[in-house]
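Below is one structure; the comments refer to it alone.
The values are calculated or read from the model by the stated rules, or taken from the named source; none is laboratory data. Since the structure is predicted, the reported quantities are computational estimates derived from the model, not experimental observations. Because the Cβ atoms are built from the backbone with ideal geometry, glycine has one as well, and the counts that use them run over all protein chains shown.
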Amino acid sequence: MISISRLTTVLFMGAACCAAAVVHAQNYPVRPLRMVVPFSPGGAADVPGRILAQKLSEGLGQQMVVDNRPGAGSTIGTDIVAKSPADGYTLLMVSNTHVISASLYKKLPYDPIADFAAVLQFATSPNVLVVHPSLPVKSVRELVALAKARPGQVDYASSGNGSSQHLFTALFTTLAGVNMNHVPYKGSAQARADLISGQISVGVPGIASVIQYVKAGRLRALGVTGTKRSPQLPRVPTIAEGGVKGYAADQWFGLLAPAKTPRDAIAKLNAVTERMLKQPDLQKSFENLGAEASYLGPDQFGALVKSELPKWGKVVKATGIQVN
């Protein structure tokens, strides 16, 4: 039988825990936050994260420190967050690479789903299928026909093995039933340079990185990878519209947190982000990158991440690539 004094102590402790939770909900955040970006500074995934971080600093009233931890297909920075305290003060900026890496690497030091709490999605961005003008094709259908006529003879560039550029093109070749030769580069800049010079014929880079060359006629845009046309290239059809049924490959950008992060912290981050994404200057900043402000809450974003795992797992298996 529990004593009166012990019962009083238990009740007091329970009340104290409830009070602490209420205080956390009311005051969060009370110190600077850290956004770990598992990519190099200035890259296609880093810049959108920095734009959001600045806005979150304004909306939360606390500094949001961007901490770049690139390497090993984003797994180094991701592992840091997986092992960080689940207190709402450490966040992970993620893109499609998060689920692609889960299939590329035989062993990961974390579980890409179980070790994280989904926070939100804040932007999406399609890539664009481009060819050098010397290649005699002017549409997705013509490229497919040429690749079928010359199996293994049409080269395509990517920013590296397992990159989104690689996997987006591999999805295209798989669904179109063609065999093209992959030429991986050590980064987007090198791949783009050889595309523009005509050293290589095909690529699927980010829109922002090549739109000036498309408009100048130095590259020809055949199709965008997303589910809808890009405002920056409104006359360019989607790849699905171009004849490759079922093709859809948007880049998405979001935030994860360590598993068991308090729900009130996640709710606060969502409320502030959803409000900030409606601001015209933020929308314009994303538009300049070829991206679009696109909000998904924790449940929807978590479902998206889970659904992307088998999708890209099939593409990785089809390409035969694997790391370690």
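Structure summary
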| item | result |
| --- | --- |
| Top-ranked residue of segment 292-324 - restricted to ones that are part of a loop (DSSP other than H, G, I, E, B) and modelled with pLDDT under 90, ranked as surrounded by the fewest Cβ atoms within 10 Å (Cβ to Cβ) | G320 |
| Looking only at segment 85-108, and only at residues there that are surrounded by fewer than 16 Cβ atoms within 10 Å (Cβ to Cβ) and modelled with pLDDT under 95, the one that is nearest to A248 (Cα to Cα) | K106 |
| Total residues in segment 192-204, condition in a helix (DSSP H, G or I) and touching a helix residue (DSSP H, G or I) at 6+ places or on another chain (Cβ under 7 Å) | 2 |
| Matching option when the condition is surrounded by 20 or more Cβ atoms within 10 Å (Cβ to Cβ), over 30 Å from D87 (Cβ atoms) and not assigned by TED's automatic domain parsing to the domain that holds G88, among V154, V183 | V154 |
| Residue count, segment 155-171 (criterion: within 15 Å of S95 (Cα to Cα) and in a loop (DSSP other than H, G, I, E, B)) | 2 |
| Pick from segment 131-148, criterion touching a residue at least 12 places away in the same chain (Cβ under 8 Å) and not in a helix (DSSP H, G or I), ranking: farthest from G223 (Cα to Cα) | S134 |
| Verdict on A82 being within 16 Å of the chain's Cα centre (by Cα) and either within 29 Å of A249 (Cβ to Cβ) or not aliphatic (A, V, I, L, M) (or both) | no |
| Qualifying residue in segment 205-217 (condition: in a loop (DSSP other than H, G, I, E, B), surrounded by 16 or more Cβ atoms within 10 Å (Cβ to Cβ) and either out of contact with any helix residue (DSSP H, G or I) (no Cβ under 7 Å at 6 or more places or on another chain) or of a type in the set (A, V, I, L, M) (or both)) | no |
| Count - residues of segment 14-48 that are within 25 Å of L282 (Cβ to Cβ), small (G, A, S) and either modelled with pLDDT of 90 or more or surrounded by 12 or more Cβ atoms within 10 Å (Cβ to Cβ) (or both) | 4 |
| Matching option when the condition is surrounded by fewer than 20 Cβ atoms within 10 Å (Cβ to Cβ), touching a Gly at 6+ places or on another chain (Cβ under 6 Å) and in contact (Cβ under 8 Å) with a residue 24 or more places away in the chain, among P237, P231 | P237 |
| Tabulated pairs, segment 185-196, first on the phi < 0 side of the Ramachandran plot, second of a type in the set (A, V, I, L, M, F, W, C) and in a loop (DSSP other than H, G, I, E, B), C-beta under 6 angstrom, 6+ apart or interchain | D194/I200 |
| Filter pass, S74 being touching a His at 6+ places or on another chain (Cβ under 8 Å), among the small types (G, A, S) and without any contact (Cβ under 8 Å) to a residue 40 or more places away in the chain | yes |
| Complete set of residues in segment 263-273 that are closer than 16 Å to G302 by Cβ and either without any contact (Cβ under 8 Å) to a residue 24 or more places away in the chain or among the small types (G, A, S) (or both) | R263, A265, A267 |
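Here is a yes/no grid of residues against (1) under 30 Å from G77 (Cα atoms); (2) polar (S, T, N, Q); (3) in a loop (DSSP other than H, G, I, E, B); (4) at pLDDT below 95:
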residue: T227; (1), (2), (3), (4): yes, yes, yes, yes
residue: S230; (1), (2), (3), (4): no, yes, yes, yes
residue: V244; (1), (2), (3), (4): no, no, yes, no
residue: L256; (1), (2), (3), (4): yes, no, no, no
residue: T261; (1), (2), (3), (4): yes, yes, yes, no
residue: D264; (1), (2), (3), (4): yes, no, no, no
residue: K268; (1), (2), (3), (4): yes, no, no, no
residue: V272; (1), (2), (3), (4): yes, no, no, no
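Per-residue answers, yes or no, for (1) among the hydroxyl-bearing types (S, T, Y); (2) in a helix (DSSP H, G or I):
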| site | (1), (2) |
| --- | --- |
| F39 | no, no |
| L52 | no, yes |
| G59 | no, yes |
| Q62 | no, no |
| V66 | no, no |
| P85 | no, no |
| L91 | no, no |
| S103 | yes, yes |
| K107 | no, no |
